[in-house]
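Please treat every number below as a calculation from the coordinates, not as lab data. All values reported here derive from a predicted model rather than from experimental measurement. Methodologically, a virtual Cβ is constructed for each residue, glycine included, from the backbone with ideal geometry; neighbour enumeration extends over all protein chains shown.
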Amino acid sequence: MQRSLYLDPAKCTGCLQCEMACSYEKLGEFNPSRSLIKVFTFHEEGRFAPYTCTQCDDAWCLRACPVDAITINLSTAAKVVNEAKCVGCKVCTIACPFGTVNYVHETGKVGKCDLCDGDPACARACPTEAITFIDANATGYERMRAFAEKSISAANATAS
Amino acid sequence: MSWTRKILRVNLTEGTCTPEPLNMQWANDYLGQRGLATKYLVEETDPKVHPLSPENKLIMATGPLTGTMVSTGGRYSVITKGPLTGAIACSNSGGFLGNEFKNAGWDMIIFEGRSPTPVYLYIENDLAELRPAEHLWGKSAWEADDILHADHQDPNLRVAVIGRTSENGCLFGCVINDRHRAAGRSGVGTVMASKHLKAVAVRGTLGVAAPHSSDEFFKAVADGKEVLAENPVTGQGLPTYGTQVLMNVINGVGGLPARNMRDVGFEGAENISGEAMHEPRASDGKPNLVTNAACFGCTIACGRISTIDKTHFSIRDKADKPQYQGASGGLEYEAAWSLGADTGVDDLDALTYVNFVCNEDGFDPISFGCTVAAAMELFEAGKITLEDTGGIDLRFGNAEALVAVTEALVTGEGFGAVIGMGSKRLCEKYGDADLSMSVKGLEFPAYDPRGIQGIGLNYATSNRGACHVRGYTIASEILGIPVKTEQTDTDGKPELVKAFQDATALVDSAGICLFTTFAWGMENIAPQIDAACEGDWSVERCLEVGERIWNLERMYNNAAGFTADDDKLPKRLLKEAIKSGPTKGQVNRLGEMLPKYYEIRGWTESGEPTPETVSRLGL
């Protein structure tokens, strides 16, 4: 089964455990500034929103790369940066409509989420299930379920 | 990980920033944050120094777990000699600043001297320099925060900043970080202002190094998180209601003081409770509470993010002030009590507005609310007049008066300047010193020592004055954590207070939040420290470090001129029995507890650690 990261801002508390987990997975240190998933705070709305690569099927970053440094992991479908090939030209960062691939000056390469080879550290670390790693074909099911539940209560109301 | 082993010394007089190695012997003896910074303060300053003189130092310190995946591992503290009390001041804050210090590579920053002109400290990893802050002086903490973010064009910058109240000499100014977190009590912001240091702006991208035994570390961290998630207080109560989960509980057990502690039990408690913050309001159908929020690394997420009703009198005419129209940090229990029950005001929106202003201009809502409450009692007694207040009708329960006096404090003019002195000086000024509900000059938090005996002993002996978070015996006396003790008993309370005080000193030195201890015992905390830090950190060693810190603070206060005579409670709490409710008839029986407390602390009858105690703890 192919899985997708499912991000639910309504459940996010802004604790940044995901950012620490991501940086530890990739760098062996706790360094939120180098995390490939970012949590944004919307202070005046009182909201927090985690965001990272959506792993587009027809990926702009992959198509734009002039040296074929971005390839598809065949088991997870993640678009993965091959650092040995990346020349740091940043064309992918321009091509990505979502801003989720970014230059990393410490390495001179670009960095993006690669789904941790099928076991994303961010989802493991999230204490509130704001980040989950679920069936890629079922990312709408939580919302469907909520509406289904409403239909039950409506049916119950009609029956009684 | 654990310590970066680097501290930054900032000499404001000379304008220099100098890195130094951390004294690892002291780190082994005092762990970090509260304990370690106190050790530096004790070694480097004269305890008799005037708190607002250049000779006082101000230390911002992280703990060894700050910036790690340990739940709540994002804390930092501000340690100095406090201007409200003249005692050791140590104020702990969450938010995101502590992690940023650590990611920039610093365990601690020591500020000394006084800058000739206003400055702020900019830190970007190894780069640390003082920059002019004339354009920030005179601005609120929020305005200064906005300007720094705009000037640096860096949304990820983390800022600690003082507001106008500290600049104006209010003695209970805070250091605000991340807009609504605060090193809140004892006037640490006022000390920062006295040094002409407006802000510290930090950006850290170096990373906090991985633990030396990572399997052991992640096992301990995962176990800790599981305990927090499964505990009813940290897993449900705090995320849902925040610390405001306590308002109705404490009122129900006869422990909620009201009207400058003249009464116990507040008839308006429900209106200002955590539950009330969830109730949709009439004007727009939305509740006060927008969401809960976490500090860095916290899996509890007790923070309150609130809005004020746009039709409320406090902001109805402030459409030009967008900072009050959106969401920001909402009421915690202590603030809701001091601003509300203690002033007799049960208007949730008024309290939320005042709480916003406390954050916006950096002042402690507990000391502020209690000082207003004392002024209200003096006003009702005729000792403070309308002429004194500049026309503010300072009766208990008057929400408009509370809002007016808040705005007066921010300007620092007229009666606002009087309130800014704190309740002790205010009550002395108006001729009734006994009406100040404070210990060592620090105002009480939200638990009445008549209805709850142990907390009274903790208040009387707390090293920074009347403070609940030095030894939160409420956990045991009311909530039954870790074991229930009878709230009106004095038996066993000296031992209980000592145990809580020592454990808390350790927690405050580790980089984690005290609220974990609703669920975590030292048996949960020590393994996380042990896996993160070099050396063997057993439960026994952690408790010994806690006790050592407590005694170090005590010796600092003794050297500063405090004696056993200062370990006392206001007369009201010893003589005026509770008039009604479940704890009717109670007074605090401090005299039954204090001698025993000194004895088990290993102190003389005059409250000084005996030579044996000093030697046993390696002081």
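Given R0 = 56 Å, the distance between the Cβ atoms of B:SER615 and A:ILE134 translates into a calculated FRET efficiency of 0.40.
For chain A, the cysteines with no partner cysteine C-beta closer than 4.7 Å are A:CYS12, A:CYS15, A:CYS22, A:CYS56, A:CYS65, A:CYS86, A:CYS89, A:CYS96, A:CYS116, A:CYS126. Note on the stretch A:56-112: the alpha carbon radius of gyration divided by the globular reference 2.2 N^0.38 Å gives 1.01.
Of the cross-linked pairs B:LYS39/B:LYS568; B:LYS57/B:LYS429; B:LYS493/B:LYS575; B:LYS39/B:LYS81; A:LYS112/B:LYS219, those separated by over 23 Å at the C-alpha level are B:LYS39/B:LYS568; B:LYS57/B:LYS429; A:LYS112/B:LYS219.
Only helices enter the 222 nm calculation for the protein assembly as shown: every DSSP H run of n ≥ 4 contributes -39,500 (n - 2.57), and dividing by all residues gives -10000 deg cm²/dmol, rounded to 500. Against chain A, whose longest principal axis comes from its Cα atoms, helix A:141-159 is set at around 10 degrees.
Taking a Cβ cut-off of under 11 Å around B:ARG185, the surrounding Lys, Arg, Asp and Glu residues balance to a net charge of -1, with basic ones at +1 and acidic ones at -1.
Using the Cβ of A:TRP60 as centre and a radius below 15 Å, the other residues enclosed give a net charge of +1, where K and R count +1 and D and E count -1. Rounded to the nearest 20, the Cβ-based charge dipole of the stretch A:56-112 about its Cα centre (Lys and Arg +1, Asp and Glu -1) stands at 80 debye.
The three principal axes of the Cα atoms in the protein assembly as shown give end-to-end lengths of 81, 72, 52 Å, sorted in falling order.
Computed from Cα positions, the angle between helix A:17-27 and the longest principal axis of chain A comes to roughly 30 degrees.
Using a 10 angstrom cutoff on alpha carbons, build the Gaussian network for chain A and name the most mobile of A:LEU115, A:LEU27, A:LEU62. Of the options given, A:LEU27 has the highest mean-square fluctuation. Qualifying chymotrypsin sites (Phe, Trp or Tyr not before Pro) in the stretch B:3-52, where qualification requires a DSSP coil assignment and no more than 15 other C-beta atoms within 10 Å, are lacking entirely. Counts of other chain beta carbons within 10 angstrom of each beta carbon in peptide B:297-303 average 5. Computed from the Cβ-Cβ distance with R0 of 25 Å, the FRET efficiency linking B:LYS484 to B:THR240 stands at 0.65.
Positive contributions from Lys and Arg (+1) and negative ones from Asp and Glu (-1), summed over other residues with Cβ under 12 Å from the Cβ of B:LYS198, come out at 0. If R0 equals 45 Å, the separation of the Cβ atoms of A:GLU44 and B:THR604 corresponds to a calculated FRET efficiency of about 0.20. Among A:ASP58, A:ASP68, A:ASP119, the largest mean-square fluctuation in a Gaussian network model of chain A (Cα springs under 10 Å) belongs to A:ASP58. Check the straight Cα-Cα distances from A:LYS90 and name the aspartates and glutamates below 20 Å, setting aside those fewer than 8 residues away within the same chain. Within the straight-line cut-off, A:LYS90 pairs with A:ASP58, A:ASP68, A:GLU106, A:ASP114. Using Cβ point charges alone (K and R +1, D and E -1), the dipole size of chain B about the Cα centre works out to roughly 400 debye.
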